[in-house]
Amino acid sequence: MRWTREAYLDLMTFKGFERPMFVELFGPLVGLEEQWREQGATQDEVEMVAFDWDYVPITECGGYCGPRGYATIVLEETDEYRIERDYLGRTAKLFKKAATIPLPLDFPVRNMDDWLKLKPMFQFTPDRIDWNAVARAAALQAQGHLVVGGIPGAFNIPRELMGEEVACMAYYDQPELMQDILATLTDTAMKVLEPIGDKLRIDQLSVHEDFAGKSGPLVGPAQIQQYFKPHYRAAWDMLRSRGARIFQLDTDGNVNSVIPDLLDCGLTCIYPMEPAAGMDIVALRKAYGRRLAMAGGMDKHVLRQDKAAIRRELEYKMQPMMREAGGIVFGLDHRIPNGTPLENYQYYVDLGREILGLPARSAEGRGWRRMAF
């Protein structure tokens, strides 16, 4: 079912809603489609539309705040992998049968001199704003589309430039480098989003970080307060004053220990909330109430178990407290994993709809759009 921006914004800001929202955030992992076809899946099932997922149509605001790098060049390609030179000049390798994102094999920045060579890629130029796209976003917003603006991640960009190890150490041994990177990102974000915000209400500010693993985040409260907060707050406070209602963080891993600091940075929503990493949306709702909206949270790995395990997961995560409060988009915590039987996925969809009080899916229902934004 297609949701309007107004209904979605009300749901995710605890302003009231007609019914819960049940989505597929990301879709299948590489290889699952072939497995499902062997199990008799229809084309509509492979394309996800047979499950009549909820979604809200999304449009970008018309401004770009991220890096403007080199054109990607393929250096070598086989049936198994592709090696390329990417937008930052890194050598990256994509394993075609297992991933959709190439793995960097080297990184261009180790010190301030290296950064200064790439800094122009991140600085503001007027052509970062496409005023025709801004006008289109305004027209689509009037038709019920959610308008989203994005800022580069305060950790994601240093990690992309330096790799995780060097980026983490740079907080301690190269603070001037980290400060200059973040100051550049913030300056560009403000020069892009502020003039757009004067002409168009941006509904949601989004930031991608992926700064945590199963054992916890790669940065702590001190780094979040010193580096994340000024960057986040500059854009969020400005857009919120112009009507923005959601500030959403995309990160995998266990961020439990720094959620208070993220909320202090202005975040209102986090996704995809990985149970395998210790993220329990029920426990988080009890801890933070209406301070934190969430999307995802359903353990994708349970789908490879039996139907009893699927039922336990859904009945726990979709318990009345979660269904009735709002501020939650129910869905898997990332891509549907390989080895998920089609029959189990069908059961998950149908049981979830039953628990949430949604109509049984039918041949007429054909809803789905990727909700990762």
- Sort 321, 121 so the one with the fewest other Cβ atoms within 10 Å of its own Cβ comes first. 321, 121
- Item | From the coordinates shown, mean projected area of the Cα convex hull in nm² corresponds to which of (1) 34.3; (2) 18.4; (3) 19.6 | (2)
- Task: Treating cross-link reach as a plain straight distance, find the lysines whose alpha-carbon is under 23 Å from the alpha-carbon of residue 97, omitting any fewer than eight places away in the same chain.
- Result: 300
- Query: Under 22 Å from the Cα of residue 307, which lysines turn up, not counting those fewer than eight places away in the same chain?
  - Reply: 317
- Footprinting proxy, 347, 316, 227: sorted fewest to most Cβ within 10 Å, the residues are 316, 347, 227
- Note on the structure: By the mean-Cβ-within-10 Å protection proxy, highest first, 147-154, 245-252, 210-217, 100-107 rank as 147-154, 245-252, 210-217, 100-107
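For residue 114 and residue 42, what does the FRET efficiency come to when R0 = 51 Å and r is the distance between their Cβ atoms, rounded to the nearest 0.05?
Plugging the Cβ-Cβ distance into 1/(1 + (r/R0)^6) gives 0.50.
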- Could you list 362, 206 in order of exposure, starting from the residue whose Cβ has the fewest other Cβ atoms within 10 Å? 362, 206
- Note on the structure: the range 192-227 scanned against label point 7 Å out from residue 237 along Cα→C-beta; backbone N under 16 Å for 194, 225-227
- Taking 0.36 nm per residue of separation and subtracting the Cα-Cα distance, what length does fully extending residue 176 through residue 304 add? 41.4 nm
- What's the center-to-center distance, using Cα atoms, between the range 76-114 and the range 323-337 in Å? 32 Å
- Item | Charge sum, other residues only, whose C-beta stays under 13 Å from residue 191's C-beta, Lys/Arg counted +1 and Asp/Glu -1 | -3
- Message: Cross-link candidates for residue 199: which lysines have Cα within less than 28 Å, leaving aside residues fewer than 8 places away along the same chain?
- Response: 15, 191, 229
- Message: How tilted is helix 307-317 with respect to the longest principal axis of the chain? Cα atoms for both, answer in degrees (0 to 90, nearest 10).
- Response: 60 degrees
- Query: Separation between the residue 85 and residue 362 pseudo-spin-labels, each 7 Å from Cα along Cα→Cβ, expressed in nm?
  - Reply: 5.7 nm
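Any read-out appearing in this document is the output of simple, stated calculations on the displayed coordinates, not a laboratory observation. Since we're looking at a predicted model, the values are computed, not measured. Virtual Cβ from ideal backbone geometry, glycine too; neighbours counted across all protein chains shown.
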